[in-house]
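To start, the structure itself, in structure tokens.
Quick note: the coordinates plus some simple rules give every number you see, no bench work behind them. Remember, it's a predicted structure, so these values are computed and weren't measured experimentally. Note: ideal-geometry Cβ built from the backbone for every residue, glycine included; neighbour counts use all protein chains shown.
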Amino acid sequence: MIGLQVVTMGQKASNTAREWFADNRYQDYLYLHGLGVEMAEALAEYTHKRIRAELGFGHEDDRDMDKMLKQGYRGSRYSFGYPACPNLADQRQLLELLGASRIGVAMSDEDQLHPEQSTSAIVCHHPQAKYFSV
């Protein structure tokens, strides 16, 4: 079983951060940018959790938060630009399949997601699917 996902905090967060940076509001910019990036990641994790629940094995998630944060759940969410999916350009097909333009997500010529506070992933739910590092 495989899932595909794309999430975003939207263009407004990026525009406001850019305005604050231009206005020399660096601390505000950094806080907003950090919040936007972390919220996009949280939304991606929430979407992954919801997929597990809808597939009927969300109850397998570890209830201990420390274990949960160490991937104490079934499956893995693999985002582009990391060791399992190193080629950022490969997400073009994923964005097209999901119709990511409907939520305002596109890719730059340099293969970066726009708005900046966005992420996409391939979600595998095999019980042995785990992260690895190189």
Review point. Near Lys130, which lysines are there with a Cα under 24 Å away, not counting those fewer than 8 places off in the same chain?
Key: Lys49, Lys67, Lys70
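Direction-averaged shadow area of the convex hull around the Cα atoms of segment 1-88, nm²? Mind showing how you got there, number by number?
On the way: hull surface 29.9 nm².
Dividing the Cα hull surface by four gives the mean projection, 7.5 nm².
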Exercise for review: Give, rounded to the nearest 20 debye, the magnitude of the charge dipole that the chain has about its Cα centre when Lys and Arg contribute +1 at Cβ and Asp and Glu contribute -1 at Cβ.
Suggested key: 400 debye
Check your understanding: Roughly how many Å is it from the Cα centre of segment 67-105 to that of segment 1-51, as a whole number?
Key -> 15 Å
Practice item. For a quick protection proxy, order the peptides 115-122, 64-71 by their average other-Cβ count within 10 Å, most packed first. Key: 115-122, 64-71
Study note, to complete from the structure: Taking the dipole of segment 2-124 about the Cα centre (Lys, Arg +1; Asp, Glu -1; charges at Cβ), the one of Leu55, Ala17, Ala100 that reaches farthest to the positive side is Leu55
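Please go through segment 75-134 and write out the chymotrypsin sites (Phe, Trp or Tyr not before Pro) that DSSP classes as loop and that have at most 15 other C-beta atoms within 10 Å. Display every interim value, and only then the final one.
Values: sites: Tyr78, Phe80, Tyr131, Phe132; in loops: Phe80, Tyr131, Phe132.
Counting only loop positions with at most 15 other Cβ atoms within 10 Å, the chymotrypsin sites (Phe, Trp or Tyr not before Pro) in segment 75-134 are Tyr131, Phe132.
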Study note, to complete from the structure: In this structure, the FRET efficiency calculated for Ser101 and Ile2 from their beta-carbon separation, with R0 = 25 Å, to the nearest 0.05, is 0.70
**Study point:** Label-point separation, Asp90 to Asp28 (7 Å along Cα→Cβ), nm
**Key:** 4.1 nm
Point to revise | Mean projection area, nm², convex hull over Cα of segment 84-123 | key: 2.9 nm²
**Study point:** Mean projected area in nm² (Cα convex hull; one quarter of hull surface) for segment 11-50
**Key:** 2.6 nm²
